[in-house]
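A.B. asks: Before we start, here is the structure in question, set down as structure tokens.
The values are calculated or read from the model by the stated rules, or taken from the named source; none is laboratory data. What you are looking at is a predicted structure, and each value in this text was computed from that prediction instead of being measured. Don't worry about glycine lacking a Cβ; one is built from the backbone with ideal geometry, like all the others, and counts go over all protein chains shown. Heavy atoms of the whole protein, side chains included, go into the accessibility calculation; ligands, DNA and RNA do not. Shrake-Rupley method; radii C 1.70, N 1.55, O 1.52, S 1.80 Å.
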Amino acid sequence: MTVAPSSSTTGAPATRPAAAEFHAFSGSDNALARSLFALPRDLVERTLWALLLRSHDGAGVLVQERTAPGDSMARVHSWTGEDLGALPARLLDLLPTASHQELRAALLGHGDFVDLGTVLCPPTPRGAFGHPLKLHTGSEVRAYVVAR
């Protein structure tokens, strides 16, 4: 499942930030890896993105936030717990018009996040999502990606 506004084909330069996007996947860890790694590269180039994972291993949320578009460094926050609860539904309710601050508040308001500091931004979905996905194994894994 993907929620995103339709794109213009006029070739005109973008004059406002990209709208928020939400992607949902379920299946085996291997199937999810293929789906997540196939997401467009520009998704992890956004000023805010989050990966939400749920499996028999528990749940986790990884949030990356750049200060400005194009920054090579970003602050990363992580949360782990038993279940994502209603967080995916809350995020979906905000889309596609949610602002950066609305998405940030919904994500970081979910629980006690650990601030992992400022890190070099991964250039691809594989670099962004590969390590967190390794913590969730088996045939019943759900992944959600939101970006703004």
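A.B. asks: Considering each residue of region 107-140, count those that are open to solvent by less than 60 Å² (accessible area, probe 1.4 Å), within 19 Å of Thr47 (Cα to Cα) and not in a loop (DSSP other than H, G, I, E, B), and give that number.
C.D. replies: Selection size over region 107-140: 8.
A.B. asks: So, one more: Determine the pairs where a residue that is open to solvent by 70 Å² or more (accessible area, probe 1.4 Å), located within region 70-91, has a partner that is aliphatic (A, V, I, L, M) and outside any strand (DSSP E or B) with Cβ atoms under 6 Å apart, the partner being 6 or more residues away or on another chain.
C.D. replies: Arg90/Ala106
A.B. asks: Name the residue that is nearest to Ala147 (Cα to Cα), counting only residues in region 92-106 that are among the small types (Gly, Ala, Ser) and surrounded by 14 or more Cβ atoms within 10 Å (Cβ to Cβ).
C.D. replies: Going through the qualifying residues, I end up with Ala98.
A.B. asks: Follow-up. Sort out which residues of region 53-69 are within 12 Å of Ala128 (Cα to Cα) and either in contact (Cβ under 8 Å) with a residue 60 or more places away in the chain or of a type in the set (Phe, Trp, Tyr) (or both), and write them in order of number.
C.D. replies: Within region 53-69, Leu62, Gln64 qualify.
A.B. asks: Quick check on Ala38: is it at pLDDT 95 or above and over 15 Å from His110 (Cα atoms)?
C.D. replies: yes
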